[in-house]
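Trainee: What follows is a structure written as structure tokens; I'll ask about it next.
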Amino acid sequence: MTGLVQPFISTVPGSLDAKGRVCVPAGWRHILAAQNTAGLYVCPSFIDPALDSFGQSLLDVINARLGAQDPFFSASHDDEATALIARTHNLPVDENGRGRLPDTLIAHAGLKDKIVFVGKAQKFQVWDQDAYAPVEAEALARVKAKMERARAEGGA
């Protein structure tokens, strides 16, 4: 990806309505539109009970990586395509930024009414608010511990 792609930053609270709709934060809709993304792309996270969401720029990077592999005789190509491409949904959004998440994605992330959109630079994640709080605390504790180890070793 080029350095010109604006990152998804911050953590933004949101909600999942009774119809399974979420409203993508306005600033992030502008980032997606700047990438010529109609709506957004969403897939289940491989690591967390969350949804990975991204725009055309990241999809282009994934497609280029897959394009460098033989589509018929590369097990790696098929594994990555199955894991990413086949499980990704193109989620249209209305003029207010609302999109309907598929039930399978809602179930994967255990989403209830209160959610958070978590910026992760090239992508953002959608989490159930209660599930994300301890994950955030653990990540911050790991970063703090790493910094303390580096300081103790005389590093920066």
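The values are calculated or read from the model by the stated rules, or taken from the named source; none is laboratory data. Here the structure is a predicted model, which is why all the values come from computation and not from measurement. Cβ coordinates were reconstructed from backbone atoms using ideal geometry, including for glycine residues, and neighbour counts include every protein chain displayed. Ligands, DNA and RNA are stripped out before the accessible areas are found, and what is left, the full protein with its side chains, is counted by its heavy atoms. Shrake-Rupley method; radii C 1.70, N 1.55, O 1.52, S 1.80 Å.
Trainee: Sort out which residues of the range 48-68 are touching a residue at least 24 places away in the same chain (Cβ under 8 Å) and not in a helix (DSSP H, G or I), and write them in order of number.
Mentor: Answer for the range 48-68, where residues must be touching a residue at least 24 places away in the same chain (Cβ under 8 Å) and not in a helix (DSSP H, G or I): D48, P49, A50, L51, D52, S53, F54, G55.
Trainee: Can you find even one residue in the range 19-28 that is over 17 Å from W127 (Cα atoms), open to solvent by 30 Å² or more (accessible area, probe 1.4 Å) and among the hydrophobic types (A, V, I, L, M, F, W, C)?
Mentor: Taking every residue of the range 19-28 in turn, at least one turns out to be over 17 Å from W127 (Cα atoms), open to solvent by 30 Å² or more (accessible area, probe 1.4 Å) and among the hydrophobic types (A, V, I, L, M, F, W, C).
Trainee: Output yes when any residue across the range 96-111 is at pLDDT 95 or above, touching a Gly at 6+ places or on another chain (Cβ under 8 Å), open to solvent by 40 Å² or more (accessible area, probe 1.4 Å) and not in a helix (DSSP H, G or I), and no when none is.
Mentor: So far as the range 96-111 goes, yes, one or more of its residues are at pLDDT 95 or above, touching a Gly at 6+ places or on another chain (Cβ under 8 Å), open to solvent by 40 Å² or more (accessible area, probe 1.4 Å) and not in a helix (DSSP H, G or I).
Trainee: Tell me which of these Q125 doesn't satisfy, since it passes every other one: (1) part of a strand (DSSP E or B); (2) out of contact with any Phe, Trp or Tyr (no Cβ under 7 Å at 6 or more places or on another chain); (3) open to solvent by 50 Å² or more (accessible area, probe 1.4 Å); (4) not aromatic (F, W, Y).
Mentor: (3)
Trainee: While we're here: Quick test of your reading of the structure: S76 fulfils all but one of (1) modelled with pLDDT under 95; (2) outside any loop (DSSP other than H, G, I, E, B); (3) within 28 Å of G14 (Cα to Cα). Name the failing condition by number.
Mentor: Only one criterion in (1) modelled with pLDDT under 95; (2) outside any loop (DSSP other than H, G, I, E, B); (3) within 28 Å of G14 (Cα to Cα) is unmet by S76, namely (3).
Trainee: While we're here: Just wondering, is there one or more residues in the range 97-112 that are in contact (Cβ under 8 Å) with a residue 60 or more places away in the chain and in contact with a helix residue (DSSP H, G or I) (Cβ under 7 Å, 6 or more places away or on another chain)?
Mentor: Within the range 97-112, one or more residues are in contact (Cβ under 8 Å) with a residue 60 or more places away in the chain and in contact with a helix residue (DSSP H, G or I) (Cβ under 7 Å, 6 or more places away or on another chain).
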